[in-house]
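Report on the following structure.
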Ligand code: SF4
């Protein structure tokens with residue numbers, strides 16, 4: 001079992017509903033976000049391209065954050081979801097520094113936090129909040145190891161890229177391009 | 001400064017209760033303690049509602065947490081407006097409820113000119129004062145001289161109140177500042193206005209043409225969803241926009257048109273479609289009127305002619321026309337929504353309607369479907385009194401095509417310069433911030449200063465509340481029952497709104513406010529129910545449902561009675577004088593207008609000035625959401641898009657602060673930051689609408705960004721409908737603060 005996500009940049013309009021839904025679902029304090037929208041513009045007027053991406057923790061296979069964590073608060077649970085246990089976190093910030101995606105931040109209560117793939121929902125068979133609300137249906141979540149899952153199928157069928165592959169983290173969010 | 005009797009008041013001086021604010025970043029509501037477990041959807045309580053953050057009115061569920069506090073809002077799967085998925089504003093609707101800047105208690109203006117302030121009063125006093133004033137004004141000038149400006153669901157209760165009172169001077173900016181010209185152009189052409197949500201079959205279209213319509217930035221939810229579906233199905237998108245919008249980035253063709261020349265492009269498209277016989281011949285023969293006149297009319301509107309005007313190359317004009325022709329009838333030339341641009345808007349939208357007619361898209365799969373609506377029985381009320389005059393009498397004979405009252409005519413009738421006999425003396429403003437909605441701010445304020453009385457009802461302290469004699473705090477849509485949502489769609493539906501929480505502070509539902517006022521002015525018969533649930537239960541029972549059932553379902557759908565599209569061989573009669581789709585319109589001639597749309601040259605900016613283009617961001621609805629903590633988090637300030645060439649000439653870099661001055665010398669209150677981007681033409685600048693709030697009580701949005709509306713002083717009125725064209729203002733950059741001190745006032 002390997003949870004992962006595919007995000008279709010052709011459909012995403014960058015509305016950030018994923019961001020608001022995450023904030024309300026997970027009670028992320030105002031001023032912080034576990035997911036965000038990135039835009040890349042290329043070309044010169046009038047020959048332009050715009051890529052819009054909904055970004056978050058990549059729940060990597062090779063996790064620098066977990067390696068750098070001195071207490072074991074950052075760890076990997078079933079399906080490859082990377083999690084922080086607040087009670088075990090001492091707020092040293094090493095994981096935040098080590099993440100090439102800048103996916104982590106210090107919660108005002110003093111511990112490192114980030115996207116959980118909504119593990120509390122996933123264990124009930126629901127999609128993460130961001131995926132479940134997206135008005136454009138541009139996000140797919142599921143078990144990449146199951147060739148019949150929607151996400152595995154679309155990753156097999158479409159052209160994709162991952163972010164910062166050179167960091168060697170083996171990220172598990174696939175951007176369909 | 002000359003003081004007037006209605007100085008703008010920053011209510012903060014007295015309303016002490018709401019004055020202490022923690023900085024946004026540290027604000028964590030008590031119930032959101034991070035160590036609390038996240039509720040489980042299947043066990044959490046949920047209440048049906050339909051969203052009031054925008055006019056799309058998506059139906060959904062409001063979930064509460066372990067402490068029965070509002071937690072999140074999620075779409076209702078049975079709702080065709082949302083298909084179970086809200087847009088970011090709807091999801092962020094919780095921020096409206098939790099906003100501590102909300103209006104909390106009725107406020108009353110007291111004191112002499114120049115030394116005025118608001119004091120908090122009890123509801124009873126507020127209602128009594130308003131009722132007395134309404135009776136006094138009715139006695140002195142007639143009830144007609146009291147006008148209502150309204151918006152949204154609760155605006156409808158106030159309309160009921162005014163109809164009972166005897167005034168039909170009830171207008172919403174949704175008409176003359178938004179879709180008025182579109183509605184009338186489609187009415188003239190197809191005998192059917194488009195209403196909301198527009199009956200566009202985007203999900204099955206083969207070709208979607210967007211003209212200045214930035215779907216994906218405006219989150220007209222159902223349409224954005226269907227556009228994504230169309231992208232999946234590889235439909236062609238053609239976007240005409242001086243800006244490389246999100247939609248443009250999803251398009252096969254981006255036509256970066258010179259602003260204000262859209263009509264030339266539309267006429268050239270019509271020319272090519274007729275010339276190259278790309279139109280739906282059978283459809284045009286059977287269902288339309290005036291093809292030959294149209295053909296003769298567009299003879300000289302060639303792509304080569306349009307090139308010089310629009311800067312769009314003839315090849316591109318032809319190629320895009322052919323795409324449309326190839327997709328016909330599954331093609332949509334999108335009619336847009338906010339279409340009040342240049343003052344010839346009804347004619348431009350006529351051209352859009354004609355183009356759709358030629359392509360045979362009306363009543364066809366992938367074009368415009370035929371919407372259906374369920375009928376809700378009316379809760380019994382007495383007949384409304386007949387007013388002796390209406391807004392139409394203010395300027396007799398003007399704007400003959402306007403089918404709804406025109407806000408700006410009511411402003412005109414309130415202005416000191418109006419010498420006619422149908423003067424408006426008082427306003428009630430419910431749920432619309434006229435200061436940020438109406439162009440020509442100076443004129444609006446002059447009209448306000450000339451009023452005998454102004455009552456404002458809102459959830460938030462918007463700028464308009466600062467001019468009021470009485471301010472009434474309405475509770476949000478999450479805290480009240482309201483009328484059923486009934487709308488046209490592929491399938492007829494109803495949706496229920498019920499409270500998920502008690503109103504915070506002393507805010508009250510609109511229906512309650514209206515009922516109280518009505519009973520005090522002797523119109524209690526019109527609001528005979530005890531509570532709004534009685535009305536809902538009555539109506540729902542008549543429909544074979546009940547309030548109890550709807551509380552569980554939220555949305556009820558019905559079977560269609562007619563076909564969704566035209567059926568081959570079934571003749572269709574259109575609700576037009578000829579019974580056909582009117583390409584050529586005698587009705588237009590009878591009203592003194594061109595029967596076919598013509599190209600008119602609009603002014604272009606002088607050297608050093610740039611056309612001010614404004615639009616939406618997915619995070620906000622007008623000016624009303626800029627202070628919402630959830631949505632403010634996403635988009636706080638409206639950067640000014642500037643092309644690199646222009647930026648070079650002015651020595652501007654991304655992040656630089658600028659103020660703007662328009663071609664009539666109007667200077668923005670506040671500054672915003674420059675965003676240098678290739679995504680805009682060099683002759684235009686762009687920013688999101690709704691920023692530059694001048695009311696200090698808005699702790700998150702006060703003073704942030706520039707208000708586009710305050711720079712729109714040059715208004716081009718559409719002669720057919722009276723709508724206010726707002727895209728004819730040109731601005732230049734001010735790099736130094738043009739205001740002497742940092743103290744700003746409205
Ligand atoms: S489109 Fe968004 S803001 Fe508008 S009604 Fe739907 S969810 Fe609410």
For residue B:485, indicate whether it is at pLDDT 95 or above, under 30 Å from residue B:99 (Cα atoms) and in contact with a strand residue (DSSP E or B) (Cβ under 8 Å, 6 or more places away or on another chain).
yes
Count, please, the residues in segment B:685-696 that happen to be crowded, with 24+ Cβ neighbours inside 10 Å and over 21 Å from residue B:216 (Cβ atoms).
3
Listing of helices (runs of 4 or more DSSP H) fully contained in segment B:586-678 that carry 2 or more residues being within 16 Å of the ligand (Cβ to nearest atom):
B:629-634
Among the residues of segment B:249-262, is any within 26 Å of the chain's Cα centre (by Cα), within 14 Å of chain A (Cβ to nearest Cβ), away from the ligand (no atom under 16 Å from the Cβ) and part of a helix (DSSP H, G or I)?
yes
Residue list for segment B:334-352, filter: within 17 Å of the chain's Cα centre (by Cα) and either surrounded by fewer than 24 Cβ atoms within 10 Å (Cβ to Cβ) or in a loop (DSSP other than H, G, I, E, B) (or both):
B:334, B:335, B:336, B:337, B:338, B:339, B:340, B:341
Any residue in segment B:605-632 that's within 13 Å of chain A (Cβ to nearest Cβ): show its pairings with residues that are in a strand (DSSP E or B) and within 15 Å of the ligand (Cβ to nearest atom) at Cβ separation under 6 Å, as long as the two are six or more apart or on different chains.
B:616/B:218
Just one of (1) in contact (Cβ under 8 Å) with a residue 24 or more places away in the chain; (2) farther than 24 Å from residue B:549 by Cβ trips up residue B:64, so point out which.
(2)
Can you name every one of the helices (runs of 4 or more DSSP H) wholly within segment B:152-248 that holds 1 or more residues which are more than 16 Å from the ligand (Cβ to nearest atom), touching a residue at least 12 places away in the same chain (Cβ under 8 Å) and within 21 Å of the chain's Cα centre (by Cα)?
B:152-165, B:180-190
Wholly enclosed strands (runs of 3 or more DSSP E) of segment A:1-68 bearing at least 1 residues free of Cβ contacts under 8 Å to residues at least 24 places away in the same chain, surrounded by fewer than 24 Cβ atoms within 10 Å (Cβ to Cβ) and more than 7 Å from chain B (Cβ to nearest Cβ)
A:36-44, A:47-55
Residue A:100 assigned to a loop (DSSP other than H, G, I, E, B) and either within 12 Å of another protein chain (Cβ to nearest Cβ) or touching a residue at least 24 places away in the same chain (Cβ under 8 Å) (or both):
yes
Out of B:471, B:429, B:424, report the one residue that is farther than 17 Å from residue B:147 by Cβ, touching a strand residue (DSSP E or B) at 6+ places or on another chain (Cβ under 8 Å) and outside the structural domain of residue B:688 (by TED's automatic domain parsing).
B:471
What's the total number of residues in segment B:492-540 that are part of a helix (DSSP H, G or I) and closer than 17 Å to residue B:481 by Cα?
17
Can you tell me how many residues within segment B:416-436 are part of a helix (DSSP H, G or I) and more than 22 Å from residue B:160 (Cβ to Cβ)?
2
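The values are calculated or read from the model by the stated rules, or taken from the named source; none is laboratory data. Quantities reported herein were computed from a predicted structural model and do not represent experimental measurements. Note that each Cβ is placed from the backbone with ideal geometry, even for glycine, and that neighbours are counted across all protein chains shown.
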